[in-house]
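The values are calculated or read from the model by the stated rules, or taken from the named source; none is laboratory data. Treat the numbers as computed from the prediction; the structure is a model and nothing was measured. We place every Cβ from the backbone using ideal geometry, glycine too, and count neighbours over all the protein chains shown. For the accessible areas, the whole protein counts, side chains as well, though only heavy atoms, and no ligand, DNA or RNA atoms are used. Shrake-Rupley method; radii C 1.70, N 1.55, O 1.52, S 1.80 Å.
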Amino acid sequence: MWGGRFAEGPSAVMREINASIPFDKRMWRQDLAGSQAHVAMLGKQGIIPLEDAQAISAGLHRVAEGFEADGVPVDLALEDIHMLAESRLADGIGPSAGRLHTARSRNDQVATDFRLWVRDAIDQADAALAALVDALLGRADEHADSVMPGFTHLQVAQPVTLGHHLMAYVEMFTRDRSRLRDARARLNLCPLGSAALAGTGFPIDRGATAAALGFDGPTRNSLDSVSDRDFAIEYLTSATQCSLHLSRLAEEFVIWASQPFGFVALSDQWSTGSSIMPQKRNPDAAELVRGHSGRIAGSLVSLMMTMKGLPLAYSKDMQDDKPPVFEAHDLLGLSIAAMTGMVESATFRLERMRAAAEAGFSTATDLADWLVREGGIPFREAHHITGRAVAEAERQGIRLDQLDIGALKAIDDRIDDRVYDVLSVDASVASRTSFGGTAPVRVREAIAAARAVREEEDR
């Protein structure tokens with residue numbers, strides 16, 4: 001490749017450090033698609049003979065067929081997917097293959113390929129998250145009335161429904177999908193035609209190549225076009241945020257599956273055993289999802305550190321932009337698929353959840369609210385009265401709703417028999433009817449609204 005300028009070839013170490021084909025071969029489909037759009041434009045603009053453009057296009061189709069059938073070989077001498085594809089094209093059609101690189105550089109070529117690849121990755125993640133959201137909606141609908149403890153500081157706080165709890169993750173993953181779609185909208189401009197950094201003197205039609213590749217239009221500055229990797233960083237930022245949500249859900253499954261909690265039984269598909277303890281049933285899939293979040297976040301940091309001090313325009317450091325993105329994509333896809341499978345197949349132990357909600361004085365706030373509502377007592381005073389009631393119930397080893405009226409009146413004479421209408425966990429969750437609350441009626445409304453959005457998206 002460098003024969004006109006260099007008298008000697010690269011050393012073995014230089015050849016290895018310089019080559020990106022071991023990893024950028026993943027972009028072969030995007031590379032060939034970009035070349036097809038480029039050569040069609042070259043022919044239409046009369047920049048190269050039309051017969052050469054047609055021969056190159058047919059040759060590129062044959063290269064694609066070969067890669068599809070046999071895979072992409074790793075040849076360090078050809079450095080990257082761009083040179084490998086052009087070499088295969090030349091093997092097929094001869095010297096006219098050299099016209100393909102007219103009016104472009106590997107700089108704008110790789111920027112285009114990478115944008116196309118990240119765009120595809122975003123679409124795949126978005127579709128996978130839609131399936132996870134659907135799984136959560138199905139289980140939330142099934143358990144809109146199922147009582148469980150809500151926690152703060154991992155201490156029983158107030159009763160909620162399992163449906164309400166699962167819908168919290170619907171909100172999280174819906175935001176993740178929104179972030180991915182926002183990132184996709186910003187990346188959807190085409191760098192092709194920016195050449196090495198300054199544009200080209202050939203009468204190219206950048207709008208045509210952008211349209212052929214499904215972009216909204218061409219990028220507006222050639223220097224920025226070849227050196228921008230914001231789109232990859234935005235994708236990794238979105239992937240990292242999503243992985244944090246996946247990790248939180250995975251951690252809940254790990255905790256809930258433990259014997260002290262016993263809230264959920266994971267299916268055999270998503271559990272493993274122990275090499276020494278035959279009784280063990282380990283939530284390894286959930287733990288791996290939790291672990292993957294660290295690696296995905298590390299990928300984001302890796303790319304940001306690569307880009308942080310680079311001057312315009314292209315620098316070879318940017319060859320290292322792809323491995324962290326590829327790794328994050330693979331890990332995110334596995335994590336979403338694993339959590340979808342766990343949500344769909346989990347067996348929730350509702351009696352354990354209800355018992356935990358009833359055992360933790362979780363309706364104490366309902367007593368305080370009742371005192372405010374029915375007794376006209378300031379909340380801070382009601383809070384103090386309720387604390388004394390909890391202490392008495394704890395002393396007797398019973399639930400709040402099991403305290404007799406005499407014990408309650410001894411704490412505060414303004415309490416009467418009506419208080420028992422709010423002290424059960426079912427009454428508590430039913431009363432939380434504020435918008436976004438845990439009352440089953442509100443949970444079902446939230447599920448219906450989320451499903452309506454999903455149906456609109458699928459149209």
Among (1) touching a Phe, Trp or Tyr at 6+ places or on another chain (Cβ under 9 Å); (2) open to solvent by less than 30 Å² (accessible area, probe 1.4 Å); (3) in a loop (DSSP other than H, G, I, E, B); (4) among the β-branched types (Val, Ile, Thr), the one test that Ile47 misses: (2)
Name the single residue, out of those in the stretch 54-85 being touching a Leu at 6+ places or on another chain (Cβ under 6 Å) and over 22 Å from Gln319 (Cα atoms), that is surrounded by the fewest Cβ atoms within 10 Å (Cβ to Cβ). Ala64
Top-ranked residue of the stretch 235-273 - restricted to ones that are assigned to a helix (DSSP H, G or I) and aromatic (Phe, Trp, Tyr), ranked as farthest from the chain's Cα centre (by Cα): Trp256
Among the residues of the stretch 236-254, write down those that are open to solvent by 10 Å² or more (accessible area, probe 1.4 Å), more than 22 Å from Asp126 (Cα to Cα) and in contact (Cβ under 8 Å) with a residue 12 or more places away in the chain. Glu251, Val254
Matching option when the condition is without any contact (Cβ under 8 Å) to a residue 40 or more places away in the chain and either under 25 Å from Ala286 (Cβ atoms) or buried (at least 21 other Cβ atoms within 10 Å of the Cβ) (or both), among Ala328, Ala382, Ala337, Ala357: Ala382
Apart from one, (1) hydroxyl-bearing (Ser, Thr, Tyr); (2) part of a helix (DSSP H, G or I); (3) under 20 Å from Asp80 (Cα atoms) all hold for Ser335; the odd one out is (3)
So Val147 clears everything in (1) at pLDDT 95 or above; (2) more than 21 Å from Leu246 (Cβ to Cβ); (3) open to solvent by 10 Å² or more (accessible area, probe 1.4 Å) except one condition, right? Which one? (3)
Residues to consider are Gln124, Gln158; find the one that is at pLDDT below 95 and touching a helix residue (DSSP H, G or I) at 6+ places or on another chain (Cβ under 8 Å). Gln158
Which ones in the stretch 139-155 are in contact with a helix residue (DSSP H, G or I) (Cβ under 6 Å, 6 or more places away or on another chain) and part of a strand (DSSP E or B)? Val147, Met148, Pro149
Residue satisfying all of: in the stretch 88-134; acidic (Asp, Glu) and in contact (Cβ under 8 Å) with a residue 24 or more places away in the chain; nearest to Cys242 (Cα to Cα) among these: Asp126
So how many residues does the stretch 307-324 have that are aliphatic (A, V, I, L, M) and open to solvent by 80 Å² or more (accessible area, probe 1.4 Å)? 1
The stretch 182-211: number of residues that are surrounded by 15 or more Cβ atoms within 10 Å (Cβ to Cβ), out of contact with any strand residue (DSSP E or B) (no Cβ under 9 Å at 6 or more places or on another chain) and not in a loop (DSSP other than H, G, I, E, B): 4
Return a yes/no flag: does the stretch 400-418 have any residue that is outside any helix (DSSP H, G or I), over 43 Å from the mean Cα position of the chain (by Cα), surrounded by fewer than 13 Cβ atoms within 10 Å (Cβ to Cβ) and not charged (D, E, K, R). no
Which numbered condition trips up Val429, out of (1) of a type in the set (Val, Ile, Thr); (2) over 28 Å from Phe173 (Cβ atoms); (3) under 43 Å from the mean Cα position of the chain (by Cα)? (2)
List pairs: first residue in the stretch 199-211 and more than 11 Å from Arg104 (Cα to Cα), second residue open to solvent by 40 Å² or more (accessible area, probe 1.4 Å) and acidic (Asp, Glu) anywhere in the structure, Cβ distance under 9 angstrom, at least six positions apart or on different chains. Ala210/Asp216
